[in-house]
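Everything on this sheet refers to the single structure shown next.
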Amino acid sequence: MSETLVAVLVLMAIAIVPIVPAFVLYKYLDKQSAATAEGPAVYGLKVKLGGPAAVYALIFVALLYERPRETQHFHTWTVEGVIAFEQAPDEAEANVNDVVARVVPPRLTVFHGGGFSWEVAVTETDDGRVQFPDLQLDARGFRGVTVPMGPNRTYGSVSVVPEYDMKHRRITFKSPIVMQSVSVGKAYFGSKAQAAAPVATPVPALAVIK
Amino acid sequence: MTRRDFVAKVLMVSALSATLRAQQTIVRGRLFRRGPRGEYPATGIGVRLTHPRYGPSSLSYTDSYRGMYYLSAPPGEYTLEIWLSKDQVMRFTIRALPQEFTDIAPIQVP
């Protein structure tokens, strides 16, 4: 469902739904017998409500107080640009592939002792499905680790299973995420490794990649 | 389904899971790009395995230093998928061996 359609439906609901309690109140409440309510002056005008209107105003204020307050949301934006290097004349040309890019927030730091606590944006679809991202941990001299944060486990990933507190939106890894040194076990030699046989899929040209 | 059939199915699934866990190998390899100054690691690219029976594995992203990926899997024939983007995938056939590591030769990506 598109955002425009959702917005239209919300506006329609705001316009139509209050008619139901208003109809009930005006049909069954005697206009003269209900108490009156007088509001504060606004721009010199005082509002005085009587009968069903006063009751409706009270209901409206109560609902306003109890309204859902979770309004934070996010959208995906495309960020484009160019990075340029300014160097001394005798310096070797910079390698653009040495650039490490991060998005802040969130600030993802690891505490002394290896602990961490990170605030991570998680996508929720219109129908309430949560799409957890993956966690990628790299350290020089260690094998990189990809940790899926979603509950659907399959082979391939590390065997660390998180615990979920959906009410407080918290994911906890009870057991440590182990990063293994490249010195542990047999070293990798690409020249002596198994050649992967390409399946008949053409290699995309550089121009096609966005 | 009778109670005996249900118990048999549960035992079979448990046995299969135990077998998968017991015979895992770590499939590892390296992705690289070639530029005017030579090769450099292709980092942050998603790689996964697919098997006709086990289905797709989780994604492993090539690391920041050497462009290495690591995926644990039971021995067998797999399709290695390199996800350059959500629309561009490179596919290779590999054999995961019954040993600690199955090393795959470096693959050049665009």
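Looking across region B:73-103, the residues that are under 20 Å from A:T154 (Cβ atoms) and buried (at least 21 other Cβ atoms within 10 Å of the Cβ) come down to B:A73, B:Y78, B:L80, B:I82, B:I94, B:A96, B:T102. If B:Y70 satisfies all but one of (1) more than 8 Å from chain A (Cβ to nearest Cβ); (2) surrounded by 21 or more Cβ atoms within 10 Å (Cβ to Cβ); (3) under 8 Å from the mean Cα position of the chain (by Cα), what's the number of the condition it fails? Here B:Y70 clears every test but (1). Checked against the criterion of being acidic (D, E), farther than 23 Å from A:N97 by Cβ, touching a residue at least 40 places away in the same chain (Cβ under 8 Å) and in contact with a helix residue (DSSP H, G or I) (Cβ under 9 Å, 6 or more places away or on another chain), region B:101-110 has at least one qualifying residue. For beta carbons closer than 8 Å, sequence separation of 6+ or different chains, a first residue in region A:7-19 that is at negative phi and exposed (fewer than 10 other Cβ atoms within 10 Å of the Cβ) and a second that is of a type outside the set (A, V, I, L, M, F, W, C) and part of a loop (DSSP other than H, G, I, E, B), there are no qualifying pairs.
Table: residues versus (1) within 22 Å of B:G29 (Cα to Cα); (2) out of contact with any helix residue (DSSP H, G or I) (no Cβ under 8 Å at 6 or more places or on another chain); (3) modelled with pLDDT under 90; (4) part of a loop (DSSP other than H, G, I, E, B).
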site: A:P151; (1), (2), (3), (4): no, yes, yes, yes
site: A:T154; (1), (2), (3), (4): yes, yes, yes, yes
site: A:T172; (1), (2), (3), (4): no, yes, no, no
site: A:S175; (1), (2), (3), (4): no, yes, yes, yes
site: A:G185; (1), (2), (3), (4): yes, yes, yes, yes
site: A:Y188; (1), (2), (3), (4): yes, yes, no, yes
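Any idea which residue in region B:22-53 is surrounded by the fewest Cβ atoms within 10 Å (Cβ to Cβ), counting only those that are more than 22 Å from A:F142 (Cβ to Cβ) and over 19 Å from the mean Cα position of the chain (by Cα)? Checked region B:22-53; the qualifying residue surrounded by the fewest Cβ atoms within 10 Å (Cβ to Cβ) is B:P36. Only residues that are closer than 20 Å to B:I104 by Cβ and charged (D, E, K, R) were counted in region A:149-198, giving 2.
Would you check if A:T146 is of a type outside the set (F, W, Y), under 30 Å from B:L97 (Cβ atoms) and touching a strand residue (DSSP E or B) at 6+ places or on another chain (Cβ under 6 Å)? Yes: the conditions hold for A:T146.
When A:S183 is tested against (1) closer than 30 Å to B:R37 by Cβ; (2) under 25 Å from the mean Cα position of the chain (by Cα); (3) more than 8 Å from every other protein chain (Cβ to nearest Cβ), only condition (2) is not met. The residue of region B:38-61 that is nearest to A:D98 (Cα to Cα), among those that are more than 7 Å from every other protein chain (Cβ to nearest Cβ) and in contact with a Leu (Cβ under 6 Å, 6 or more places away or on another chain), is B:A42. Residue pairs whose Cβ atoms lie under 8 Å apart, sitting 6 or more positions apart in sequence or on different chains, and linking a residue in region A:71-93 that is at pLDDT below 80 to a partner that is small (G, A, S), are A:F74/A:A121. Scanning region A:123-142 for residues that are outside any loop (DSSP other than H, G, I, E, B) and either under 10 Å from the mean Cα position of the chain (by Cα) or exposed (fewer than 14 other Cβ atoms within 10 Å of the Cβ) (or both) returns A:T123, A:E124, A:V130, A:Q131. Figure legend. Inter-residue proximity from region A:135-162: first residues more than 8 Å from chain B (Cβ to nearest Cβ), second residues among the charged types (D, E, K, R) and in a strand (DSSP E or B), beta-carbon distance below 8 Å, spacing 6+ or different chains. Indicated pairs: A:V147/A:D134; A:M149/A:D134. Checking B:I104, B:I26 one by one, the residue that is within 8 Å of chain A (Cβ to nearest Cβ) and modelled with pLDDT of 85 or more is B:I104 and no other.
The values are calculated or read from the model by the stated rules, or taken from the named source; none is laboratory data. Worth saying up front: this structure is predicted, and the values here are computed from it rather than measured. Heads up, the Cβs are rebuilt from the backbone with ideal geometry, glycines too, and the neighbour counts pull from every protein chain shown.
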